[in-house]
Amino acid sequence: MSSYELVIRSGTVADGSGGDLIDGDIAIEDGRIAAIGSFAGSGAEEIDAKGRIVTPGFVDIHTHYDGQAIWSKRLSPSSSHGVTTVVLGNCGVGFAPCRPEDRDLLIKVMEGVEDIPGVVMAEGLDWRWETFPQYLDALEAGRRDIDVAAYLPHSPLRVYAMGKRGALREPANEDDLARMRALSSEAMRAGALGFATSRLNIHRTADGDQIPSFDAGLAELKAICAGMTDAGTGTLQIVLDAFRSWDSEFDMMVEAVKACGRPATYTLACANEGPQTWRTAVARMEQANAAGASITGQVMPRPIGLIAGLELSVHAFALSPSYRRIADLPLAERVAAMRDPDLRRAIVSETPEIGHPLAALGRNWRWMFPLGDPPNYSPPPEESVAAQAAARGCTPEEFVYDAFVESDGAAMFLAALGNFENGRLDAAHEMLTHPDCVPGLGDGGAHYGAICDASYSTFLLTHWVRDATERRIPLSTAIHMLSAKAARAVGLNDRGLLQVGAKADINVIDLDRLRVHRPEIVHDLPAGGRRLDQRATGYDATIASGQIIRRFDEPTDALPGKLVRGAQIA
């Protein structure tokens with residue numbers, strides 16, 4: 001007779017603590033780890049992990065699955081890359097609280113900031129909620145592969161509390177502040193993980209307007225964070241506008257943290273060139289933490305970037321007048337039209353029209369690189385569009401145009417926006433390995449036609465652990481970053497470690513075989529909407545709450561994912 005529901009045999013265990021690797025078995029019963037090391041008994045099902053590493057499930061603390069968690073049972077790409085818990089509601093955008101008359105506004109916010117087509121949200125959201133607690137109930141009622149936790153997002157909160165004045169970004173009065181504080185406290189007591197906001201200038205609605213939370217005053221930030229103080233729980237997640245000044249932006253965050261006494265986590269990145277202003281942010285974080293704050297920086301382990309392509313939201317000719325006349329044709333007809341020499345001459349010579357700020361990034365030739373399979377996220381300068389066009393004796397526009405046509409429209413380009421300082425990942429490594437920083441910013445569930453960074457966990461394990469010839473990160477350290485360290489940054493202290501009694505969220509990984517595949521376009525969203533997805537090879541098994549949700553890189557029928565209500569004790 002078997003003793004356990006599931007046993008993982010003969011693996012090399014990286015338990016998430018950052019300590020030494022050990023060899024041994026893991027037994028699972030009732031969704032929890034029942035034994036580790038050597039023990040008597042067998043499993044009703046057993047996984048042979050010999051030659052494999054066994055890790056906790058990864059925790060992705062910066063996603064936007066606010067909609068996908070409603071309409072989908074699988075939270076890919078994240079769950080394809082060893083992630084067993086995601087945090088949504090980041091950047092202060094989401095779908096609750098929301099009155100029926102404000103739904104279109106929030107859809108436009110998400111369409112502009114997170115590149116989710118409006119028709120997808122209109123069809124995919126059933127709006128079974130108005131308040132934030134009701135939204136949490138809707139999440140709890142759903143079935144999905146992995147766990148979700150949710151922040152209370154600032155923009156919906158502001159509109160809910162202030163109506164049209166909130167959408168127009170008018171200053172909040174005392175009654176508004178009291179209302180938002182009460183709603184914040186209510187959300188925390190119902191199970192919000194914290195409160196999220198964005199101050200980033202390029203975060204705009206589909207109409208090009210600033211989002212409701214942009215440039216909200218310190219008094220407002222303090223009032224909402226005071227709701228976390230009232231409830232005795234919650235983390236502040238904030239996107240600071242480093243384009244203005246790290247100092248002034250940090251002052252805002254630190255003052256809010258001091259006032260509420262709650263932890264905070266913020267987006268940390270570096271520019272590709274120019275002054276190293278990110279060092280100011282790191283220094284300010286160290287200073288605040290030495291004075292008693294608890295602030296964590298979230299760092300993308302590879303370049304922060306857009307993916308440009310003819311079937312995607314951004315590409316070099318998206319705003320070219322002649323291209324826009326054929327933009328709505330099916331891809332094959334579009335490419336056929338682009339083979340015409342006269343149209344080619346017109347498109348490559350035109351000045352793009354004015355559009356969304358992100359569109360211009362599809363022409364940043366020095367920092368654009370062809371994206372192959374496997375994708376190279378640390379390409380040398382000579383592979384840039386600018387360098388290859390110069391070597392070929394043509395313009396960058398001609399180089400990209402010809403690549404689209406020659407590939408029948410399938411070519412993709414990585415536009416590296418940041419974290420690729422001087423064409424290297426040295427600064428990203430320095431930030432990533434800082435004691436006060438954790439990996440994040442995968443943005444899963446958003447930017448469906450422009451970004452696919454939710455695979456960063458697999459990249460970290462391949463690029464920085466297995467393949468690095470310099471600045472290598474030890475395996476146990478990398479696993480700690482992806483699991484326990486990330487979880488604790490946002491108060492999820494019940495996961496991220498492999499120990500007896502812990503939640504059985506586990507990966508069995510063939511590190512030698514592990515790889516990230518080139519992003520691909522799939523049409524599995526509501527209304528047939530398209531999105532970028534990205535697969536991995538090398539995950540022998542991913543287990544959530546003791547159930548195998550993926551086996552040999554393919555999903556199973558198991559859907560054990562739950563809503564995590566608020567911070568958790570160890």
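Within the group Ser79, Ser42, which residue is among the hydroxyl-bearing types (Ser, Thr, Tyr), under 17 Å from Asn507 (Cβ atoms) and out of contact with any helix residue (DSSP H, G or I) (no Cβ under 6 Å at 6 or more places or on another chain)?
Numbers: Ser42 fails: under 17 Å from Asn507 (Cβ atoms).
Just a single option satisfies the conditions, and that option is Ser79.
Selection within the range 364-421: residues that are farther than 16 Å from Met338 by Cβ, charged (D, E, K, R) and open to solvent by 40 Å² or more (accessible area, probe 1.4 Å). The member of this set that is nearest to the chain's Cα centre (by Cα) is Asp373.
Kindly establish whether Leu498 is without any contact (Cβ under 8 Å) to a residue 60 or more places away in the chain, out of contact with any Cys (no Cβ under 6 Å at 6 or more places or on another chain), among the hydrophobic types (A, V, I, L, M, F, W, C) and surrounded by 24 or more Cβ atoms within 10 Å (Cβ to Cβ). For Leu498, the condition - without any contact (Cβ under 8 Å) to a residue 60 or more places away in the chain, out of contact with any Cys (no Cβ under 6 Å at 6 or more places or on another chain), among the hydrophobic types (A, V, I, L, M, F, W, C) and surrounded by 24 or more Cβ atoms within 10 Å (Cβ to Cβ) - is not met. Among the residues of the range 143-165, are any surrounded by fewer than 20 Cβ atoms within 10 Å (Cβ to Cβ) and modelled with pLDDT of 95 or more? Looking through the range 143-165, at least one residue is surrounded by fewer than 20 Cβ atoms within 10 Å (Cβ to Cβ) and modelled with pLDDT of 95 or more.
For the range 535-570, the tally of residues that are closer than 29 Å to Pro133 by Cβ and either part of a loop (DSSP other than H, G, I, E, B) or touching a helix residue (DSSP H, G or I) at 6+ places or on another chain (Cβ under 7 Å) (or both) stands at 14. Answer with yes or no whether Glu170 is part of a loop (DSSP other than H, G, I, E, B) and open to solvent by 60 Å² or more (accessible area, probe 1.4 Å). Yes. Within the range 98-123, if we keep just the residues that are within 18 Å of Tyr65 (Cβ to Cβ) and at pLDDT 90 or above, the residue that is most open to solvent (accessible area, probe 1.4 Å) turns out to be Glu123.
Of the helices (runs of 4 or more DSSP H) that lie entirely inside the range 379-463, those containing 1 or more residues that are modelled with pLDDT of 95 or more and out of contact with any strand residue (DSSP E or B) (no Cβ under 9 Å at 6 or more places or on another chain) span 385-392, 396-406, 426-432.
In this structure, is Ala187 touching a helix residue (DSSP H, G or I) at 6+ places or on another chain (Cβ under 7 Å), closer than 19 Å to His64 by Cα and part of a strand (DSSP E or B)?
For Ala187, the condition - touching a helix residue (DSSP H, G or I) at 6+ places or on another chain (Cβ under 7 Å), closer than 19 Å to His64 by Cα and part of a strand (DSSP E or B) - is not met.
Filtering the range 55-99 to residues that are within 21 Å of Trp129 (Cα to Cα), in a loop (DSSP other than H, G, I, E, B) and among the small types (Gly, Ala, Ser) leaves Gly67, Ser72, Gly89, Gly94, Ala96.
The values are calculated or read from the model by the stated rules, or taken from the named source; none is laboratory data. Owing to the predicted nature of the structure, the values given are computational and were not obtained by experimental measurement. With ideal geometry, Cβ positions are generated from the backbone for all residues, glycine too; neighbour counts draw on all protein chains shown. All accessible areas refer to the heavy atoms of the entire protein, side chains included, with ligands and DNA or RNA removed. Shrake-Rupley method; radii C 1.70, N 1.55, O 1.52, S 1.80 Å.
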